[in-house]
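I have placed the structure first, in the form of structure tokens, so that the comments after it can refer back to it.
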């Protein structure tokens, strides 16, 4: 996909990777960028810089996503690219068991990392199928391919997000629907906050959001399913597939190195 001339929606567009995507899409010549974020002021600030439209949307609210999609289709006739990008991180917390996170944290992760993607696709598919084309960019995380030490809820829901993206491509690829899963490791956004090293996710360096946006432009142009801003992730994924037990042992070693991360 070439972004020039396209109608694009970006959720979580008020900050971090989403903001960088909006700005880069604008430089690439997108016809209109719709910036969706739960923080209305942030969405509007970014929309103002890219001559776009702002929507205050909580991605856990299916009706709000559907209303936004309907409004954009009514105004511009179509949606070419939907970037389902919103995400959160929490950490397992004390006593750093795999079950330490609260049920509320698990539910929020599920709704934001999985169901928000489902809601976006459900809202956009009718129009895309009618036109025989459309593109979904789902921000997943390298945690969906590997794991995030110290955050079981994040890792589990990101695996589910990747599974949904695969199912979307398998089910609707023959209908002209294209899918990319964006899977970076640590990125310098509010999500890693005060963790200077990025924890275990930062072992290969912390990218800027702008570097991730650069990788997205290249990945969309190639129409690759996996967009890996950290090139090392492909190698780690290969090691995992080749010898699962050895990979698990390596991850335990990494956990011992980083201890209980303060996420």
Next item on the list: State, in angstrom, two size descriptors of segment 1-62 derived from its alpha carbons: Rg to one decimal place and Dmax to the nearest whole number.
Entry: 10.6, 30
Notebook entry, point to check: Taking only the alpha carbons of segment 85-227, what extent do you get along each of the three principal axes, in Å, biggest first?
Noted result: 51, 32, 21
Notebook entry, point to check: By average Cβ neighbour count within 10 Å, what is the ranking of 206-217, 56-67 from highest down?
Noted result: 206-217, 56-67
Next item on the list: Relative to the longest principal axis of the C-alpha atoms of the chain, give the angle of the C-alpha long axis of helix 209-222, reported between 0 and 90° and rounded to the nearest 10°.
Entry: 60
Check: So how far apart, in nm, are the two label points at residue 245 and residue 67 if each is 7 Å from Cα heading toward Cβ?
Finding: 5.5
Checklist line | Between segment 60-106 and segment 126-177, the alpha-carbon center distance in angstrom | finding: 13
Notebook entry, point to check: If you take the alpha carbon radius of gyration of segment 88-130 and divide it by 2.2 N^0.38 Å, what ratio comes out, to two decimals?
Noted result: 1.66
Margin query: Treating segment 209-263 as a set of equal point scatterers at the Cα positions, no solvent, please give the Debye-formula log₁₀ I(q)/I(0) at q = 0.21 Å⁻¹.
Written below: -0.87
Notebook entry, point to check: Extension gain residue 225-residue 58, at 0.36 nm per residue separation less the Cα-Cα distance, in nm?
Noted result: 57.5 nm
Margin query: What do you get for the angle between helix 116-131 and the principal long axis of the chain? Use alpha-carbon atoms, 0 to 90 degrees, nearest ten.
Written below: 40
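Would you mind calculating the gained length between residue 48 and residue 218 on full extension (0.36 nm times residue separation, minus the Cα-Cα distance), in nm to one decimal?
58.7 nm
Return 230, 239 ranked ascending by Cβ neighbour count within 10 Å, so the fewest neighbours appear first.
On the way: 230 24, 239 14.
In order of increasing Cβ crowding within 10 Å: 239, 230.
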Next item on the list: Quick one: go through segment 227-260 and flag any residue whose amide nitrogen is under 11 Å from the point 7 Å out along the Cα-to-Cβ line of residue 169.
Entry: 227-228
Notebook entry, point to check: Angle, helix 152-172 long axis vs. longest principal axis of the chain, Cα atoms, 0 to 90°, nearest 10?
Noted result: 40
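How big is the Kirkwood radius of the chain, worked out from every pair of different alpha carbons and given in Å to one decimal? Each step should come with its number before you reach the end.
Working: mean 1/r = 0.0539 Å⁻¹.
Evaluated on the chain, it is 18.6 Å.
Dividing the Cα radius of gyration by the Kirkwood radius, what Rg/Rh value follows for segment 27-132?
Values: Rg = 16.3 Å, Rh = 15.4 Å.
When Rh is taken as the Kirkwood radius, the ratio is 1.06.
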Checklist line | Contact order normalised by residue count of the chain, Cα under 8 Å, 6+ apart, percent | finding: 18
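Every number in this text was worked out from the coordinates using simple rules, so none of it is lab data. None of the values given here were measured: they were computed from a predicted structure. Here the Cβ is made from the backbone with ideal geometry for all residues, glycine too, and neighbour counts use every protein chain on show.
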